[in-house]
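Inspection log for the structure reproduced underneath, given as structure tokens.
The values are calculated or read from the model by the stated rules, or taken from the named source; none is laboratory data. Everything quoted here is computed from the prediction, not taken from an experiment. Cβ sites come from the backbone with ideal geometry, for glycine too, and all protein chains shown count toward neighbours.
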């Protein structure tokens, strides 16, 4: 029986409910308490996330065990925001207590193991059995109780640095305690976060004493751990075959060995509440760390500024959760010696992708009034533009390398740039370099660029071949392209038309009348062709894609997909009012779920209702029925536009986003997933924290709030 209880918002906002001593974390919005702590084992699918503005993160589960290769107490970014190294996987905690009645050994924390012959899952140590409560906010906190002895563990990432602090508070030692010692044993792999470590081929770990602690080196990476309250005892050891069930579900290698260099030992004083801090830093620590209180204070001030921009968009619990969730994705990136900004697409395994960045930018940066960072993010991708294309993604290991295989990222760049200028009124940046970059995209698409991206005589954009996947539905594996969408894709041409009209308006405003007239002419041609080519003659919706075969014959893919919703949601639509309404009705009837839009309707022969199995099976389902939360943004915006922002349309839009807000403040532990199953109950999957999922919720809430004044709601 699951005996975990989630606290209510009113309970969570009370200082009395903070676990342990210290100032209440005002951003703490999730907590579990346990009547019978064995119930914590039922929450291994509940994942928490901490970030620090550099691409580094910490991630794990409510019970405290790692269930993915990507979990760790510090996953540092060696070359921010990428080059991620699992610097510290876990910490084994043990208290030895000698009393007049004898010796007692209490272990905290836990790892999962799997018996292949019986299928039995074993937790060792069984620290989760002593777990009394769990909370997360700007830090993550666990409280354990055994026979009146309490241990509180609190993990804090240091803002903008590759370091963390694990703080412990111990109390409740028996009055007849003769001697008590806290032992803290770090479990380390020091490997790339995509890989796994095996003792048999790991190579040597070097362990050497440093002031206040130990430095562990493996190959080219090092981690330093220090503790002012205790001494480190070197005793190298290994833990074997730790099991990762989430990797097992993906049919990936699911076992790993952890290196344990020794342990910190701290003498505990009976009758006192003892505080112990372990400082963890990537590399060889050359300077003392700032206090975790200083770091939390800086982050706190930063978050309060963001919160002020969105505090009217919902109740306090929702806006606080959205403040932290949105901030998790905005990180630094260095380009040509400049410290600029970018957006991580998702945790734990994505870096910054062009498409994701510019879909997410309006919600994460404009709604939150982070205009300087928005400008710096646009600059990052403009600096790396090639032939009118912004990078699809940067390389995880070579920050000078970029990959350009996308047709829509550049159009989303244009979309984000237009929104930035409209909301910031930054005329200078448009006239200085941003307008030139935007027009460079449009001109390259008109004349033709890489990947056979070009404007045809009908004014519409065609791109790619049967062997490429350039749109957001780009899943391919083992030579199989699961959703081939070459030729003229509906959302690409909706974005193209919106870009032409929007840029023409901006250029006209800034006295570029000749260029504005040219883009207006192209837009008029594209609008006529869009209606003729994409409107399906048999069904009340748009064709998804149109392409020519080797003989020049046109083929129409009439599959009902959510891509067409952009033709109804963008400010400048090539459709009329009736067309917008027809698309909204078709999508609502066949694709809408509580957590976003399905990528195929359930009655389609290619529909996959579950996002599960091997990576090949998951890629096959990725855009073939799987639900994407980010699509709730364009859907609800289309509802608003088709309904002329009426009170009914605004209510419908708010109802559409309500389940995601409940997920954010419930099972999502402050984040929104990348995808959900197409079939009910729509279990979440993919990345546990996805930028555009959060961003589109924020953007939509602001859109509803602007259109619907408080007094009429």
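Determine if segment 642-650 includes at least one residue that is assigned by TED's automatic domain parsing to the domain that holds residue 606, buried (at least 22 other Cβ atoms within 10 Å of the Cβ) and touching a residue at least 60 places away in the same chain (Cβ under 8 Å). Yes, because at least one residue in segment 642-650 is assigned by TED's automatic domain parsing to the domain that holds residue 606, buried (at least 22 other Cβ atoms within 10 Å of the Cβ) and touching a residue at least 60 places away in the same chain (Cβ under 8 Å). If the condition is being part of a strand (DSSP E or B) and either within 22 Å of residue 43 (Cα to Cα) or free of Cβ contacts under 8 Å to residues at least 24 places away in the same chain (or both), then segment 103-127 contributes 103, 105, 107, 108, 111, 112, 113, 114, 121, 122, 123, 124.
Residues that are surrounded by fewer than 21 Cβ atoms within 10 Å (Cβ to Cβ), modelled with pLDDT of 95 or more and touching a strand residue (DSSP E or B) at 6+ places or on another chain (Cβ under 6 Å): find the helices (runs of 4 or more DSSP H) completely inside segment 368-478 holding 1 or more of those. Passing ranges, in order: 371-383, 435-447.
Across segment 308-367, the number of residues qualifying as part of a loop (DSSP other than H, G, I, E, B) and within 18 Å of residue 380 (Cα to Cα) comes to 8. The criterion of at least 2 residues that are surrounded by fewer than 16 Cβ atoms within 10 Å (Cβ to Cβ) is met by the following helices (runs of 4 or more DSSP H) wholly inside segment 520-631: 577-590, 615-622. If you go through segment 159-173 and pick out every residue that is surrounded by 17 or more Cβ atoms within 10 Å (Cβ to Cβ) and farther than 22 Å from residue 57 by Cα, you end up with 4. One residue alone among 251, 256, 247 is in a strand (DSSP E or B), over 30 Å from residue 302 (Cβ atoms) and assigned by TED's automatic domain parsing to the domain that holds residue 144, and that residue is 256. Only residues that are at pLDDT below 95 and outside any strand (DSSP E or B) were counted across segment 82-102, and they come to 2. Exactly one residue out of 499, 504, 494, 516 is buried (at least 22 other Cβ atoms within 10 Å of the Cβ), in a helix (DSSP H, G or I), in contact with a helix residue (DSSP H, G or I) (Cβ under 7 Å, 6 or more places away or on another chain) and free of Cβ contacts under 8 Å to residues at least 60 places away in the same chain: that is 504.
From the list 166, 149, 170, the lone residue that is closer than 24 Å to residue 331 by Cα and touching a residue at least 40 places away in the same chain (Cβ under 8 Å) is 166.
From the list 318, 359, 344, the one residue that fits, being touching a residue at least 60 places away in the same chain (Cβ under 8 Å) and more than 16 Å from the chain's Cα centre (by Cα), is 318. Here is the figure for segment 346-367: residues that are surrounded by fewer than 24 Cβ atoms within 10 Å (Cβ to Cβ), in contact with a helix residue (DSSP H, G or I) (Cβ under 8 Å, 6 or more places away or on another chain) and over 16 Å from residue 322 (Cα atoms) total 1.
Screening residue 187 against (1) within 23 Å of residue 235 (Cα to Cα); (2) surrounded by fewer than 23 Cβ atoms within 10 Å (Cβ to Cβ) leaves a single unmet condition, (2). Against the numbered list (1) more than 23 Å from residue 357 (Cβ to Cβ); (2) more than 31 Å from the chain's Cα centre (by Cα), residue 482 comes up short only at (2).
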